[in-house]
Amino acid sequence: MALVAVPIGSSGIAAAKGPRAPVSSLHFEAIPRIGPNWPADPTGAIGEAAIVTAANTSVAVYDRTGLPLLPSTPFEALGTFPPGTDVFDPKVVYDPYAQEFVLAFLAIHDALQLSWIVVSAMPGATASDPATWCVHQIKADQVKRDGKQWADYPGLGYDLDRVTVTSNQFDFAGPQGFAYAQVLSFGKAGLYDCTQALEFQAFGGAATSNPDGTRAFTVQPATSAGTAPADQYLMSYERTPGGGSALVIWRLRQTASGLRLTRVAMPIGKVTVSPYGTQGDGGLKNSNTWWDPGDLRLVNAFYDPDLQRVYAAHVIFRNLKPDTVTGGYQEAAIRWYEVAPGSPLKASTVTRHGIVGTPETDAGWPVVATDGLGTVFITYSRASVVTGEYLSAYVAVIPAGSTTAEIALLAAGNARMEAVRGPERWGDFNAISRDPLDPAVMAVVNQYAKSDGFGPTADWQETVDLVSNV
């Protein structure tokens, strides 16, 4: 199934040929829902010898054909937590420059006001053997003398020498409680080898504020493929005065005086439509949809060192006509961005952007990366109350220089999700990575609403696809 997405103008560069529909060469079902666990928060990555996925509270390992090597394993087994601790929000990446998988997840004990970030290095050749993993459990609040915070919504990325974990820090007390974004930079030596000392540096408070002094929210560190990057790039979205918007590009660089974190805002025009989710005005704004497709937070960031471009995407409102619904249908659509980081950083520019969406359907939770030819791949979730499409997994491709996307269905939902009261939470993540053995192939981790045989369902099913556009 392939549909043409609605393009948006950008730099005016047109592709010589239109995009072709992406093709999945491998599809398999990974971690299923286990117990009363919502949402799924699917994540994962592909390495030379294995594929690692995580969902909600478990991690699993498969070979490159999808056969299980390590069954779904609870996160609790990886840490030392007091009874009553909740674990959540996993992220998995593969570092091709060191042949290591990295799993990060969060843990919190509300009554004790304790919070942890757990980072586990999994050697690519022995990822299915937990005895070879190097697990680090650290306090989630690494900025001293500013009260107690807990960590939420982690980001996970890397450059040549370091691994970066980000989080949104919230006070344990208070009705809203958001304090600041936190950035932790780990040296790979101690992170990947438990016989060496773990070394990391924390940034928070004013150090992670936006260029205008406001508090940054959801700073996403980039993953990479291709030439090893010397710098760690990060991306975030910023609401600006007067209803405007900006992308903020951050750079973490090793200097003679130590690690330095810098940032610059790049205006991207006025956002005249309301976000979904909990950011900005808060609450769902679209009566057409019965699920939460996300908000203005960026879900990931990807740096292509060979192109010297950084990519990110999020969800916006956009009326993708034609309309058959009386009064029109305000869709949840994906807006993606390509950024050229400058030298100096203040010279950075948005070089391309576009929209992926289909009339009278709602798209959400997009993650983005490029293949070895510079083709942009975005995997996301989609559903529609108009067509009756249940929550399903999709992928879109945009050729280099184009803003027009071709999309394909990867896994169709087969029942309406009704796990909680009100609009359904459908997980805050999906995942995408470039195959280190074949740069034309992308591994995408997503999910679909799975029937339990009794009408509306509370089941989700994580999926993995290897997709290409050649």
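For the reader, a short list of remarks on this structure follows.
- The range 218-235, subset touching a Phe, Trp or Tyr at 6+ places or on another chain (Cβ under 7 Å), of a type outside the set (Val, Ile, Thr) and in a loop (DSSP other than H, G, I, E, B), residue farthest from Leu259 (Cα to Cα): Ala228
- Every pair of residues 6+ apart whose Cβ atoms lie under 7 Å, when the first sits in the range 402-413 and is touching a residue at least 12 places away in the same chain (Cβ under 8 Å) and assigned to a strand (DSSP E or B) while the second is charged (D, E, K, R) and surrounded by fewer than 22 Cβ atoms within 10 Å (Cβ to Cβ): Glu406/Arg20
- The range 254-269: number of residues that are among the charged types (D, E, K, R) and either modelled with pLDDT under 95 or surrounded by 15 or more Cβ atoms within 10 Å (Cβ to Cβ) (or both): 1
- Filter result (at negative phi and either basic (Lys, Arg) or not in a helix (DSSP H, G or I) (or both)) within the range 63-78: Asp63, Arg64, Thr65, Leu67, Pro68, Leu69, Leu70, Pro71, Ser72, Thr73, Pro74
- Failed condition for Gln279, given (1) among the polar types (S, T, N, Q); (2) closer than 18 Å to Asn210 by Cα; (3) at pLDDT 90 or above: (3)
- Of the strands (runs of 3 or more DSSP E) lying entirely inside the range 79-163, the ones with 3 or more residues being closer than 23 Å to Ala225 by Cβ and either touching a residue at least 40 places away in the same chain (Cβ under 8 Å) or out of contact with any Ser or Thr (no Cβ under 9 Å at 6 or more places or on another chain) (or both) are found at 86-95, 100-109, 114-123, 149-158.
- Check on Gly190, on the phi > 0 side of the Ramachandran plot and out of contact with any Ser or Thr (no Cβ under 8 Å at 6 or more places or on another chain): no
- Residue selected from the range 352-376 under the condition of a type in the set (A, V, I, L, M, F, W, C) and under 26 Å from Glu424 (Cβ atoms), by the criterion surrounded by the most Cβ atoms within 10 Å (Cβ to Cβ): Val356
- Positions within the range 238-250 being at pLDDT below 95 and either part of a helix (DSSP H, G or I) or aromatic (Phe, Trp, Tyr) (or both), in sequence order: Pro241, Gly242, Gly243
- Members of the range 324-353 that are closer than 30 Å to Thr387 by Cβ and either hydroxyl-bearing (Ser, Thr, Tyr) or in contact with a Lys or Arg (Cβ under 7 Å, 6 or more places away or on another chain) (or both): Thr324, Thr326, Tyr329, Glu331, Ala333, Tyr337, His353
- Restricted to the range 219-244, and to residues there that are crowded, with 19+ Cβ neighbours inside 10 Å and more than 25 Å from Pro96 (Cβ to Cβ), the residue that is nearest to the chain's Cα centre (by Cα) is Tyr237.
- Residues in the range 178-206 that are of a type in the set (Gly, Ala, Ser) and within 15 Å of Thr218 (Cβ to Cβ) were compared, and the one that is surrounded by the most Cβ atoms within 10 Å (Cβ to Cβ) is Ala181.
- If you filter the range 35-52 down to residues that are closer than 16 Å to Ser381 by Cβ and in contact with a Phe, Trp or Tyr (Cβ under 8 Å, 6 or more places away or on another chain), you find that the one that is modelled with the lowest pLDDT is Trp38.
- Extreme residue, modelled with the lowest pLDDT, among residues of the range 312-364 that are in a loop (DSSP other than H, G, I, E, B), among the polar types (S, T, N, Q) and in contact with a strand residue (DSSP E or B) (Cβ under 6 Å, 6 or more places away or on another chain): Gln330
- Residue match in the range 147-162 (condition: more than 28 Å from Pro130 (Cβ to Cβ), under 20 Å from the mean Cα position of the chain (by Cα) and among the small types (Gly, Ala, Ser)): no
- Checked against (1) under 21 Å from Ser185 (Cβ atoms); (2) of a type outside the set (Val, Ile, Thr); (3) out of contact with any Pro (no Cβ under 7 Å at 6 or more places or on another chain), Ser72 passes all but condition (1).
- Looking across the range 311-329 at every residue that is among the small types (Gly, Ala, Ser) and farther than 25 Å from Arg352 by Cα, the one that is surrounded by the most Cβ atoms within 10 Å (Cβ to Cβ) is identified as Gly328.
- Yes/no for Ala396 being touching a residue at least 60 places away in the same chain (Cβ under 8 Å) and either within 27 Å of Gln330 (Cβ to Cβ) or of a type outside the set (A, V, I, L, M) (or both): yes
- Test for Phe172: is it modelled with pLDDT under 95, among the aromatic types (Phe, Trp, Tyr) and within 24 Å of Thr208 (Cβ to Cβ): yes
- Every pair of residues 6+ apart whose Cβ atoms lie under 7 Å, when the first sits in the range 22-43 and is over 26 Å from Thr370 (Cβ atoms) while the second is basic (Lys, Arg): Trp38/Arg425; Pro39/Arg425
The values are calculated or read from the model by the stated rules, or taken from the named source; none is laboratory data. What you see is a predicted model, and the numbers here were worked out from it, not measured in a lab. Every residue, glycine among them, receives a Cβ derived from its backbone with ideal geometry; neighbour counts consider all protein chains shown.
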